[in-house]
Ligand code: THU
């Protein structure tokens with residue numbers, strides 16, 4: 001028997017001003033998108049902003065449903081809309097952020113497992129990595145170079 005250690009590497013920034021201007025814009029747009037979320041059940045408003053290869057930014061948010069599993073996470077709302085409307089565009093980066101409750105305080109939200117798998121599909125489809133921008137619990141910015149980094153032992157590698 002051997003033990004295997006799988007590691008991922010993340011970029012960590014203490015301050016948003018260290019990001020590139022477009023990455024700062026993505027986070028700003030993701031924050032804005034939380035205000036249009038429909039989250040009457042969890043009251044956890046999530047926003048996603050996606051940068052396409054023509055520099056267009058598409059935003060979306062979580063859309064909940066009384067039958068809980070029927071809702072959609074922000075990341076999935078965004079990428080499925082892009083898949084439906086811009087199938088030939090490549091996704092360069094996705095920023096995701098949450099705003100719990102009715103205030104204006106934001107916190108990080110690492111994408112849920114289903115969102116990771118859904119985003120991986122688009123990364124594989126375009127054959128180019130998608131950068132994922134998120135915050136940790138200390139409000140530092142974490143960036144993965146690809147969605148695949150977030151899914152060790154990913155389904156499509158077997
Ligand atoms: N949510 C997202 O939008 N993205 C995630 O990656 C995690 C969770 C949403 C789903 C639900 O509407 C609310 O956050 C609480 O789980």
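Taking region 86-128 as the range and being under 14 Å from residue 149 (Cα atoms), surrounded by fewer than 18 Cβ atoms within 10 Å (Cβ to Cβ) and more than 13 Å from the ligand (Cβ to nearest atom) as the test, the residues that pass are 121, 124, 128.
The residues listed here are 23, 11, 18; of these, the one that is over 17 Å from the mean Cα position of the chain (by Cα) and more than 15 Å from the ligand (Cβ to nearest atom) is 18. It is to be established whether one or more residues within region 131-142 are surrounded by fewer than 19 Cβ atoms within 10 Å (Cβ to Cβ), within 16 Å of the ligand (Cβ to nearest atom), free of Cβ contacts under 8 Å to residues at least 24 places away in the same chain and not in a helix (DSSP H, G or I). Checking region 131-142: not a single residue is surrounded by fewer than 19 Cβ atoms within 10 Å (Cβ to Cβ), within 16 Å of the ligand (Cβ to nearest atom), free of Cβ contacts under 8 Å to residues at least 24 places away in the same chain and not in a helix (DSSP H, G or I).
Is there a residue in region 119-132 that is over 23 Å from residue 19 (Cβ atoms) and touching a helix residue (DSSP H, G or I) at 6+ places or on another chain (Cβ under 7 Å)?
Our first condition is that a residue be over 23 Å from residue 19 (Cβ atoms); within region 119-132, this holds for 120-121, 124-125, 127.
Still in the list and also touching a helix residue (DSSP H, G or I) at 6+ places or on another chain (Cβ under 7 Å): 120, 124.
Yes: one or more hits.
When region 46-71 is filtered for residues that are outside any loop (DSSP other than H, G, I, E, B) and near the ligand (Cβ under 8 Å from one of its atoms), the ones remaining, listed by number, are 46, 48, 61, 63. No other residue among 29, 18 is surrounded by fewer than 16 Cβ atoms within 10 Å (Cβ to Cβ) and modelled with pLDDT of 95 or more apart from 18. Residues in region 109-130 that are within 19 Å of residue 7 (Cα to Cα) and part of a helix (DSSP H, G or I): 113, 116, 117, 120.
Here region 26-45 is the region considered, the condition is being within 16 Å of residue 97 (Cβ to Cβ) and part of a loop (DSSP other than H, G, I, E, B), and the residue that is nearest to the chain's Cα centre (by Cα) is 37.
Please go through region 90-105 and pick out each residue that is assigned to a loop (DSSP other than H, G, I, E, B) and in contact with a helix residue (DSSP H, G or I) (Cβ under 6 Å, 6 or more places away or on another chain).
First pass over region 90-105, keeping only residues assigned to a loop (DSSP other than H, G, I, E, B): 90, 101-105.
Answer for region 90-105, where residues must be assigned to a loop (DSSP other than H, G, I, E, B) and in contact with a helix residue (DSSP H, G or I) (Cβ under 6 Å, 6 or more places away or on another chain): just 90.
The values are calculated or read from the model by the stated rules, or taken from the named source; none is laboratory data. Being a predicted model, the structure only gives us computed values, none of them experimental. Note that we place each Cβ from the backbone using ideal geometry, even for glycine, and neighbour counts take in every protein chain shown.
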